[in-house]
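Encoded as structure tokens, the structure appears first; notes follow it.
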Amino acid sequence: MNYLCKKEEIIKKGAEANLYLGTWFGNKVIFKCRIPKKYRIKELDQNLRTFRTINEARALIKAKEHGISVPQIYEIDTLNSTIIMGYIRGQKLKEIIKNLNQNEKERIFETVGQYIAKLHQNGQIHGDITTSNIILTSNNQVFLIDFGLHEYSDSIEDKSVDLHLFKRVLMSSHGENYEFCFKCFLNGYRNEYLNDSEELCQLIINNIKNIETRGRYIKKENRV
Amino acid sequence: MSKIALGIESTAHTFGVGIIDFKGQTHSIVNDIYTPETGGLHPAMVKEQHLTNFQDVIAKALDKANLSIKDIDLIAFSQSPGLGPVLKLGALVSRLLSQTLNIPIVGVNHCVAHIEIGRLTCNIEDPLTLYVSGGNTIVSAFESSRYQIFGETLDLAIGNMIDSFAREIGLSHPGGPKIEKLAQKSNNYLELPYVVKGMDLSFSGLFTAAKKLIESEDYEKKYNLNDIANSLQETAFAMLTEVTERALAHTEKKGVLLTGGVAANKRLQEMIRYISKEHKARFEAVPLRYAGDNGAMIAWTGVLKYKSQGSDLIEETIIMPKERMDQIPITWRK
């Protein structure tokens, strides 16, 4: 890395990757570095880090092509499993959800629903939709981040799982808001699908119920 | 002298009786473990053995503790989750004891018991728990008066997966320790499916892939059994460790507790200890005597429940083979 590209301060030490602020040819950027994990053997560690780095970068580029607001990719360094991407100034939805009024919530969750529907229509599964991975900028733009668990799939099942995981996050972290938020999210999701494949969309949404009842130790009467 | 509780563990292959006093001092642990000659655990066969042996096990436990059945003040039993017929037997024996001796009875959840005995024996107040056994694979921590499940297996339990693989290669039950020995003889890693979905895990693909390696033409040519055992363990344990680390970063707990039968595996201990250190959390592996299924953990959890909620009514002692741990209010913790 040369002087035009500089890692400055660490802003988050995550379980999987460290995030650093920095500059890249005059742009304010994030360095997402997947750090070696010494508990697992080298081959496995290298494979996972390289695969996830490339996978995430590709997914972000594709998502952007489909018109979804995600960070801009500047550079990928597979040897050091690092992605350099645009910095998004804003706040995590998780942190500000309490201060939002119903109208704002409706707008944001509908937008997220639209984003996810766009991804799904293009065979992309986000894999980790949580309120920590949604950023709201000061000019009210909604950004989707962290594609570390992204997968490609066209199956109804995988898409339903994506929605189901988000539902679970809303239930466990934002109990009192959960029903309204998830309803708005599904509205946005449906609207995006409406034009060409309403039926498919309904199949995906209905399948969420199946997944819930398939969990371990669910009572018989609640099973389908 | 402190009051005495007798706990009956009967969820799967172990019929265990543990005697513990209300201060947490263990007086005895006696287990009778069903070992199939071939294949896995057949619920009816397990029940048959437990039915034959339960009186002996109780008598032995009392004998070891130097107590008479009349000294017992509380009966606790494993009420959920587990194999139906086996749970039923444990509940039946417990009701019988409670009614003839005229002492209170409490039913406890087996998974909660694993955590509670770990907290007691390792003296760790509020840990993140990785509970790995033949029947369960759960990452859990205490939050809003429940043991919340942060991650779990979506199909096979880790112990079940390793035992099943051992069975495929002709090793008798329990296969875990044997696989661990084989794995120690190899440093070769063969790529196997690594499946982590958010915080949840899936082991079924890993099992199938390992099985295919044995059936392949390259077996005993390019790699041997030790290499497969090593790769199986490395992959499965790396998955467990990754999920545990994520939960640890999320919950910011100051301790990590490793429990269940698979907790005896040295390689898994090493990996979990490593991430605990990284996150400045204290690491504890529950001693094997308490980590595998046993009656003492049931007795101790019974004591906690009894102290905070009192006795169960007899109609409340119905077994619940499918109860989830996160459905149970933990009234004795704040």
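The values are calculated or read from the model by the stated rules, or taken from the named source; none is laboratory data. It should be emphasised that the depicted structure is a prediction, and the values quoted were computed from it without experimental measurement. So basically every Cβ, Gly included, is an ideal-geometry build from the backbone, and we count neighbours across all protein chains shown.
Here are the numbers for the structure shown:
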item	result
Those residues of the stretch B:267-284 which are of a type outside the set (A, V, I, L, M) and either within 13 Å of chain A (Cβ to nearest Cβ) or without any contact (Cβ under 8 Å) to a residue 12 or more places away in the chain (or both), in sequence order	B:Arg267, B:Gln269, B:Glu270, B:Arg273, B:Tyr274, B:Ser276, B:Lys277, B:Glu278, B:His279, B:Lys280, B:Phe283
Subset tally (residues that are aromatic (Phe, Trp, Tyr) and assigned to a helix (DSSP H, G or I)) for the stretch B:35-78	1
Filtered residue count, the stretch B:5-24, keeping only those that are outside any loop (DSSP other than H, G, I, E, B) and more than 19 Å from B:Asp56 (Cβ to Cβ)	3
Test: residue in the stretch A:46-58 that is without any contact (Cβ under 8 Å) to a residue 12 or more places away in the chain, within 14 Å of chain B (Cβ to nearest Cβ) and polar (S, T, N, Q)	yes
Residue tally, condition more than 10 Å from chain B (Cβ to nearest Cβ), in a loop (DSSP other than H, G, I, E, B) and farther than 14 Å from A:Ser81 by Cα, over the stretch A:1-44	5
Whichever residue in the stretch B:247-257 is more than 13 Å from every other protein chain (Cβ to nearest Cβ) and not charged (D, E, K, R) and, among such residues, is nearest to B:Pro177 (Cα to Cα)	B:Leu257
Matching option when the condition is touching a Ser or Thr at 6+ places or on another chain (Cβ under 7 Å) and either within 12 Å of chain A (Cβ to nearest Cβ) or at pLDDT 95 or above (or both), among B:Pro287, B:Pro321, B:Pro329	B:Pro321
Some residue of the stretch B:44-60 being touching a residue at least 60 places away in the same chain (Cβ under 8 Å) and assigned by TED's automatic domain parsing to the domain that holds B:Ser308	no
Residues (more than 14 Å from chain A (Cβ to nearest Cβ) and either surrounded by 20 or more Cβ atoms within 10 Å (Cβ to Cβ) or in a strand (DSSP E or B) (or both)) located in the stretch B:214-228	B:Tyr219, B:Ile228
Residue list for the stretch B:79-88, filter: in a helix (DSSP H, G or I) and more than 21 Å from B:Ser311 (Cβ to Cβ)	B:Gly84, B:Pro85, B:Val86
Candidate set from the stretch B:131-159 (those that are free of Cβ contacts under 8 Å to residues at least 60 places away in the same chain and either outside any loop (DSSP other than H, G, I, E, B) or among the acidic types (Asp, Glu) (or both)); member that is farthest from B:Phe203 (Cα to Cα)	B:Glu152
Which listed residue, of A:Ile116, A:Ile125, A:Ile88, A:Ile134, is touching a residue at least 60 places away in the same chain (Cβ under 8 Å) and in contact with a Phe, Trp or Tyr (Cβ under 8 Å, 6 or more places away or on another chain)	A:Ile116
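Conditions tested, residue by residue: (1) part of a helix (DSSP H, G or I); (2) over 17 Å from the mean Cα position of the chain (by Cα).
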site	(1), (2)
B:Arg95	yes, yes
B:Ser98	yes, yes
B:Ile103	no, yes
B:Val106	no, yes
B:Val112	yes, no
B:Ile115	yes, no
B:Asn123	no, yes
B:Thr129	no, no
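Here's the yes/no breakdown for (1) touching a strand residue (DSSP E or B) at 6+ places or on another chain (Cβ under 8 Å); (2) aliphatic (A, V, I, L, M); (3) closer than 29 Å to B:Ser231 by Cα:
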| site | (1), (2), (3) |
| --- | --- |
| A:Gly14 | no, no, yes |
| A:Ala17 | yes, yes, yes |
| A:Gly22 | yes, no, no |
| A:Phe25 | yes, no, no |
| A:Ile30 | yes, yes, no |
| A:Lys37 | no, no, yes |
| A:Asn47 | no, no, yes |
| A:Arg52 | yes, no, yes |
